[in-house]
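Taken together, the values in this text are just the output of simple stated rules run on the coordinates, not laboratory data. Computed from a prediction, not measured in an experiment: that's the story for all the values here. Backbone-built Cβ (ideal geometry, glycine too); neighbour counts: all protein chains shown.
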Ligand code: 4AD
Ligand code: MG
């Protein structure tokens, strides 16, 4: 019978247990009397070993012509008896009766040799890197997390809402959009006053790829109660960092009748539950990635080495309550921190500035030593749709700062911001006044405003960057290594 290696490794061996394995050769070793092949089929981080004894009995089937083609990278089907393994490390192996080569791989040209390749090199051959241990482990963990996301929301009474990819709105009001048009980009038709004539475009208007499904998600929440989106989002921000992609997957729950405290509680329970799911369902892959990270840490300077291993860090996050404090309280901590006093922050901290990842990571990794939820940010640095607080922020020494909104950012070790969310402004007048101040056209999102005109309700939601979650769970330093086909500035090969 044909079984994935994951199941084969759990099968009881015996002289009459004939099996077939189909997969890719990781390594081939030859001795005088035998030939050893390690195979992997992507179903598990573990390989299976197949052994051919050399001798006249097998000579007919395992001809040298066939064996010549069994090289690292070749795709083969091996049939034989499942026997107890002679060597250490695994319980069973296959005693080969027959090998069929589906597709050979020229050993002189195949880029993946049985050795450790750098992540930079593997990024250049992103089409083949899923065949490595590291990337197949990451992709299986990514799958488990995606499944856990759907399971969590389904178990908790949320409906999966598919929001549009092509849209006319800029949900974040940040102008970082990829345009979508059927007009000739070089010579577009123009109206008499010289402007591009979008009435001739496919949709008859200017459209772009979505930066967030939130605004449409709110429409869903104000009809179905609790919804979530889980889809690709696009940002044309030119940030060449280890935490930004031009195309990333976002999970955005939106809940009617939730205010900020319930929103925070949901975010905390949600991330902990999906991390717990990965720990339960991917023990081998996470143990492998933990080990990979330990090897990587050894190459670093002593003072830069992380105190906790990957598995310890995941355990730590799921077993500790996240720290909750306001932006104003966080600024106070940061101003009084050692790095601020010694001038070690690259960006200045004072009330009103947007926090940089160096500040976020100081709070999480050095000050609280656990995940942190910051709330009530200054209104001026957050999006137009966030619910405005009734009174301005007051500092620890009675200083009165500017107006704030009911925003929340969840900050994680090594990552910084992993979730951004808020309670939404449900008052039509306050919302339209704020839109006018920041230049969001009411005509463009009249449908959004209709929810505040007809049966408005308190509601809240948040967005989790899926790749930042996968980064955290796999311990990978660069976000381009946790998505199969990364899209970033100057990177769109396939
Ligand atoms: O903070 P952001 O921009 O918030 C929103 O888009 C809201 N509409 C979410 C909501 O309230 N429904 O993005 C949310 C999260 C960030 O916390 C981050 O994890 C991730 O999305 N993110 C990115 N991930 C990868 N690459 C990028 N360029 C990202 N930009 C944001
Ligand atoms: Mg944000």
A correct fewest-to-most ranking of 202, 494 by other Cβ atoms within 10 Å would be 494, 202
When 195, 430, 301 are arranged by how many other beta-carbons sit within 10 Å of their Cβ, fewest first, they go 301, 195, 430
Full extension between residue 447 and residue 265 adds, at 0.36 nm per residue less the Cα distance, a length in nm of 62.6 nm
With a Förster distance of 22 angstrom and the Cβ-Cβ distance between residue 98 and residue 11, calculated FRET efficiency to the nearest 0.05 equals 0.70
Between the Cα axis of helix 260-281 and the main Cα principal axis of the chain, the angle (0 to 90°, nearest 10) is 0
For the pair residue 187 and residue 490, the simple spin-label estimate (label points 7 Å beyond Cα toward Cβ) gives in nm 3.3
Expressed in nanometres to one decimal, the distance between label points 7 Å along Cα→Cβ at residue 168 and residue 276 is 4.5
Relative contact order in percent for the chain (Cα pairs under 8 Å, 6+ apart) equals 13
The residues 227, 165, sorted from fewest to most surrounding Cβ atoms within 10 Å, come out as 165, 227
Per the rule of 0.36 nm per residue minus the C-alpha distance, extending residue 160 to residue 106 adds in nm 14.8 nm
Over all directions, segment 93-220 yields a Cα convex hull whose mean projected area in nm² is 16.3
quick note, the chain, DSSP beta bridge pairs, % antiparallel (nearest 5) is 90
At q = 0.12, 0.16, 0.21 1/Å the base-10 log of I(q)/I(0) from the Debye formula over the alpha-carbon atoms of segment 5-103 is -0.33, -0.60, -1.08
Per the 1/(1 + (r/R0)^6) rule, R0 = 41 Å and r from the Cβ atoms of residue 396 and residue 203, FRET efficiency to 0.05 is 0.20
If N is the residue count of the chain, its Cα Rg over 2.2 N^0.38 Å rounds to 1.18
For segment 5-103 the mean separation of alpha carbon contacts under 8 Å (6+ apart) over residue count, i.e. relative contact order in percent, is 33
In terms of the alpha carbon gyration tensor, root eigenvalues a ≥ b ≥ c, rounded if a/c is under 1.5 and otherwise prolate when a/b exceeds b/c or oblate, segment 148-305 is oblate
With label points set 7 Å from each Cα along the Cα-to-Cβ direction at residue 300 and residue 356, the distance between them in nm comes to 2.0
The distance between the Cα centres of segment 338-368 and segment 69-145, in whole Å, is 45
With Cα coordinates, the longest principal axis of the chain makes an angle with the long axis of helix 310-319, in degrees rounded to 10, of 40
Nearest 10, in degrees from 0 to 90: the angle of helix 133-155 to the longest Cα principal axis of the chain is 50
Residue span residue 91 to residue 308: 0.36 nm per residue of separation minus Cα-Cα distance leaves a gain in nm of 75.0 nm
For residue 54, placing the label point 7 angstrom along Cα-to-beta-carbon and taking segment 6-48, residues whose amide nitrogen sits under 17 Å are 28-38
Given a Förster distance of 22 Å, the FRET efficiency implied by the Cβ-Cβ spacing of residue 66 and residue 115, rounded to the nearest 0.05, works out to 0.30
